[in-house]
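Asker: One structure, pasted below without further comment.
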Amino acid sequence: MRKIFLFLKFFVIFLIGWIFFFCFSGPSFAQSSIKFKEVYYDFGEIEAHKPLIHNFEYENTGKDALTITKVKSGCNCRGKNLAGRKLQPGEKGKIEVLYRPSPDMEGRQERRVLVHSNDPDFPIIKLTVLAKIGKNPP
């Protein structure tokens, strides 16, 4: 009987230790979290020769420092490179996206900018700009 009680005592202590270890360790309490005010912007109808700029605002809503590790963009679109930029919890920032449609473009155009960060839930966020490009005047 005494051996069973001793075994149960050690088992309960082990179980409590295991629960504390897995519940209260790791990045679950101190992690960064990026939240954008918007991830999609439509410039509407524009002329092809005009460059367009839009600022995507974001905030670190986590409990640890947020680091922007890379900003990657495609053709005719450029996101301001903020690689290495750190924001403390509660701080806000913005990513400036510059879109330069080429003179031969017409119709609906969509461009993306990828923002890489140390947010464990959303390490890559896609920002999208749209525009409907009309014909250039002669």
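Readers should treat all values here as calculations from the given coordinates under stated rules, not as data from a laboratory. Worth saying up front: this structure is predicted, and the values here are computed from it rather than measured. Every residue, glycine among them, receives a Cβ derived from its backbone with ideal geometry; neighbour counts consider all protein chains shown.
Asker: What are the ³J(HN,Hα) couplings of region 64-70, residue after residue, when phi is run through the Karplus curve with 6.51, -1.76, 1.60 and θ = phi - 60°? Round to Hz, x for glycine and proline.
Answerer: My calculation for region 64-70 gives 10, 4, 9, 10, 7, 8, 6 Hz in order.
Asker: With the Cα gyration tensor of region 34-134 giving a ≥ b ≥ c as the square roots of its eigenvalues, does the rule (a/c under 1.5 for rounded; else a/b larger than b/c for prolate; else oblate) give rounded, prolate or oblate?
Answerer: Prolate shape, in that a/c is at least 1.5 and a/b is the bigger ratio.
Asker: I would also like to ask the following. Hey, if you put +1 on the Cβ of every Lys and Arg and -1 on every Asp and Glu Cβ in region 34-134, which of Pro101, Val129, Thr61 ends up farthest toward the positive end of that dipole?
Answerer: So the residue furthest toward the plus end is Thr61.
Asker: Another question, if that's okay. So who's got an amide H within less than 5 Å of the one on Gly62, skipping anything under 5 residues away but keeping other chains? H placed 1.01 Å off N, in plane.
Answerer: Excluding prolines and chain starts, which carry no amide H, the hits are Ser33, Gly90.
Asker: Nearest 0.05, what FRET efficiency do Thr69 and Glu110 give at R0 = 30 Å with Cβ-Cβ as r?
Answerer: The computed FRET efficiency comes out at 0.80.
Asker: Taking H placed 1.01 Å from N in the peptide plane, check which residues at least 5 places from Arg85 or on another chain put their amide H under 5 Å from its amide H.
Answerer: Long-range HN contacts for Arg85: Ile68.
Asker: Would you calculate the separation in nanometres between label points at Arg2 and Tyr40, each defined as 7 Å from the Cα along the Cα-to-beta-carbon direction?
Answerer: Label at Arg2, label at Tyr40, 7.2 nm between them.
Asker: 7 Å from Cα along Cα→Cβ at both Ile53 and Phe122: what's the point-to-point distance in nm?
Answerer: 2.5 nm
Asker: Return the long-range amide H neighbours of Tyr41 (sequence gap of 5 or more, or a different chain), with a cut-off of under 5 Å between placed amide H atoms.
Answerer: Excluding prolines and chain starts, which carry no amide H, the hits are Thr128, Val129, Leu130.
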